[in-house]
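Below: the structure, in structure tokens.
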């Protein structure tokens, strides 16, 4: 499960490099969007750490935070893993 990434400009759909602050094609400012993706990656990392420590309730909480910020397959799979583990514990 990888961290959520911003691969295309949401305005013109141009491919983006990992550190570009502006779109190379349309020059849209991507700084706030990049910060949102970084926050989602942080919460997803916390969710994974909680899963590894068998702290499922905390993992679900952090995975939901990540998914609310960026709804991508990587954040969805972290949440599903946490929910499955929690279900088997009850």
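The values are calculated or read from the model by the stated rules, or taken from the named source; none is laboratory data. All of these numbers come straight from a predicted model, not from anything done at the bench. All Cβ positions, even for glycine, are placed from backbone atoms using ideal geometry, and neighbour counts span all protein chains on display.
Residues in segment 21-45 that are in contact with a helix residue (DSSP H, G or I) (Cβ under 6 Å, 6 or more places away or on another chain) and surrounded by fewer than 18 Cβ atoms within 10 Å (Cβ to Cβ): 21, 36, 39.
Apart from one condition, residue 24 fits all of (1) in a loop (DSSP other than H, G, I, E, B); (2) out of contact with any strand residue (DSSP E or B) (no Cβ under 9 Å at 6 or more places or on another chain); (3) at pLDDT 90 or above; the exception is (2).
Considering the conditions (1) closer than 19 Å to residue 79 by Cβ; (2) over 16 Å from the mean Cα position of the chain (by Cα), residue 29 is excluded by exactly one of them, (1). Between 48, 68, the distinction of being surrounded by 17 or more Cβ atoms within 10 Å (Cβ to Cβ), more than 8 Å from the chain's Cα centre (by Cα) and assigned to a helix (DSSP H, G or I) belongs to 48 only.
Put simply, of 33, 51 the only residue that is closer than 20 Å to residue 6 by Cβ and in contact (Cβ under 8 Å) with a residue 12 or more places away in the chain is 33.
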